[in-house]
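The numbers here are math on the coordinates, done by the rules we state, and not lab data. What you are looking at is a predicted structure, and each value in this text was computed from that prediction instead of being measured. Neighbour counts run over all protein chains shown; Cβ positions are idealised from the backbone, glycine included.
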Amino acid sequence: MADSPSDDQGPVNRRRFFRESLARLVNPVARIVQNRLPIPLSVTRVTLRPPGALAEAEFLDTCFRCGSCANACPADAIALMQSSEELLQGTPYVDPDRQACVICDDLACIKACPSGALRRVDRFEIRMGLAEVSHDICIRSDGEDCRICVERCPLGEVAIGVDADGCIAVIDPEPGGKGCTGCGVCQQYCPTKPAKAIKILPV
């Protein structure tokens, strides 16, 4: 800690002392602001983000990359990205092939987020992605009455069901309406191999 100026140093030396002290406090903050990565105005989301995530550009600018959401997730569904791109490094994401989001009642990840990158939403308003069905490889195309994706879905038939033609139908939600949240449970439990008959596309 710098010594305080003595009274006999005069007003000039005292001003210099306070100016230098202020610079020592401000410069580290200025460096942090200066070194922040520029966020493009439009960024395409290429992976599933946790529930309540802001639009990708705003999410990347807001997220602290602290891992609080991952630590709070009761299903261990949230991982932290390991990427050569500094902008993406440490950001939380969900990989349904590893562990899907279960849309828990508490939405613990949102409550744990200290930055606001995950905003508070009703569980029916979550929009992580949208399920897309490849009917040509779906087991139902072979005449089997497979309903695993429907039965496993945390929201049930408000999000996914079987249509009049016997095909799996994903409900694309209207604004403010109920439908697919993109949690990935259907993808995780889809039994087709090696490719999944249902996959989540990020939104």
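Descriptive notes on the structure:
- Gain upon complete extension [Lys178, Asn71; 0.36 nm per residue less C-alpha separation]: 35.7 nm
- Gain on full stretching of the segment that runs from Leu88 to Asp165 - 0.36 nm per residue minus C-alpha separation: 23.5 nm
- For a label point 7 Å along the Cα-to-beta-carbon line of Lys193, residues of the stretch 114-142 with backbone N under 14 Å: none
- The label point for Ile39 and the one for Asp122, both projected 7 Å from the Cα toward the Cβ, are 2.7 nm apart.
- At full extension, Val102 and Ala55 could sit 14.8 nm farther apart than now, given 0.36 nm per residue minus the alpha carbon distance.
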